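Novice: Just dropping this structure here.
What follows draws every value from the coordinates through simple rules; no lab data is involved. Given the structure is predicted, the values throughout are model-derived calculations rather than measurements. Using ideal geometry, Cβ is built from the backbone for each residue, glycine included, and neighbour counts are taken over all protein chains shown.
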Amino acid sequence: MNSEQLRDLVVEALEDIKAKDIVKLDVRDMTTVTDYMVVASGTSTRHVQALVDNVVEKASQAGHKPIGVEGESGGEWVLLDLQDTLVHVMLPKVREFYNLEKLWSLRPTGDLAATER
């Protein structure tokens, strides 16, 4: 399974449990840590956990065991590391505050040397 197929599997697993506002970010040109980030919202801490659990189950069935899971105890923001795809599932208020979509869509512009002072 390539990274695009894994990303699509993650999105399908999130859709199965009714995730809100799913966004796929291609970050291959921005970092070597991962190829894709998928950001989604849950309606409650319980929903966030159910979303992550479903992604873990579907990914594991496809042979992609998670490298790590962070934030499960709080449930407001859970990060799931599937190596080629990082999955962020958050409550809407947390997602709005951190605004990962905007952060990871920024691209350097102009002369980088001119901005370093």
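Novice: Could you compute the net charge surrounding THR45? Neighbours are other residues with a C-beta less than 13 Å from the C-beta of THR45; K and R count +1, D and E count -1.
Specialist: Spelling it out: positives minus negatives among the neighbours equals -1.
Novice: Expressed as a rounded percentage, what relative contact order does the chain have, with Cα pairs under 8 Å and six or more residues apart?
Specialist: The value is 26 percent.
Novice: Continuing with this model, one more query. Which net charge results for the neighbourhood of GLU4, defined as the other residues with beta-carbon distances under 11 angstrom from its beta-carbon, given Lys and Arg at +1 and Asp and Glu at -1? Intermediate values should be presented prior to the final figure.
Specialist: Working: positive: ARG7, LYS24, ARG28; negative: ASP8, ASP26, ASP35, ASP84.
Here the count lands on -1.
Novice: Give the order of THR45, THR31, THR85 when sorted by the count of other beta carbons within 10 angstrom, beginning with the fewest.
Specialist: Going from least to most buried by this count: THR31, THR45, THR85.
Novice: What is the angle, in °, between the Cα long axis of helix 3-16 and the longest principal axis of the Cα atoms in the chain? Nearest 10 is fine, range 0 to 90.
Specialist: It is inclined by approximately 50 degrees.
Novice: What nm value, rounded to one decimal, do you get for the distance between SER44 and GLU72 when each label is placed 7 Å out toward the C-beta?
Specialist: Placing both labels 7 Å along Cα→Cβ, they lie 2.0 nm apart.
Novice: Restricting to the chain, compute how many DSSP beta bridges are antiparallel as a %, nearest 5.
Specialist: 70
Novice: Further, regarding this structure: Return the lysines within reach of LYS18: Cα separation strictly under 20 angstrom, same-chain partners fewer than 8 residues apart disregarded; answer none if there are no such residues.
Specialist: Result set, ordered by chain and number: LYS58, LYS93.
Novice: In terms of the ratio Rg/(2.2 N^0.38 Å) built on C-alpha atoms, what value belongs to the stretch 3-98? Walk me through the numbers before you get to the answer.
Specialist: Working: Rg = 12.0 Å, N = 96, 2.2 N^0.38 = 12.5 Å.
Output field value: 0.96.
Novice: When TYR98, TYR36 are ordered from fewest to most other Cβ atoms inside 10 Å of their Cβ, what list results?
Specialist: By the 10 Å Cβ count, ascending: TYR98, TYR36.
Novice: Now a separate question. Among MET37, MET1, what is the fewest-to-most ranking by other Cβ atoms within 10 Å?
Specialist: Values: MET37 23, MET1 12.
Exposure proxy ranking, most exposed first: MET1, MET37.
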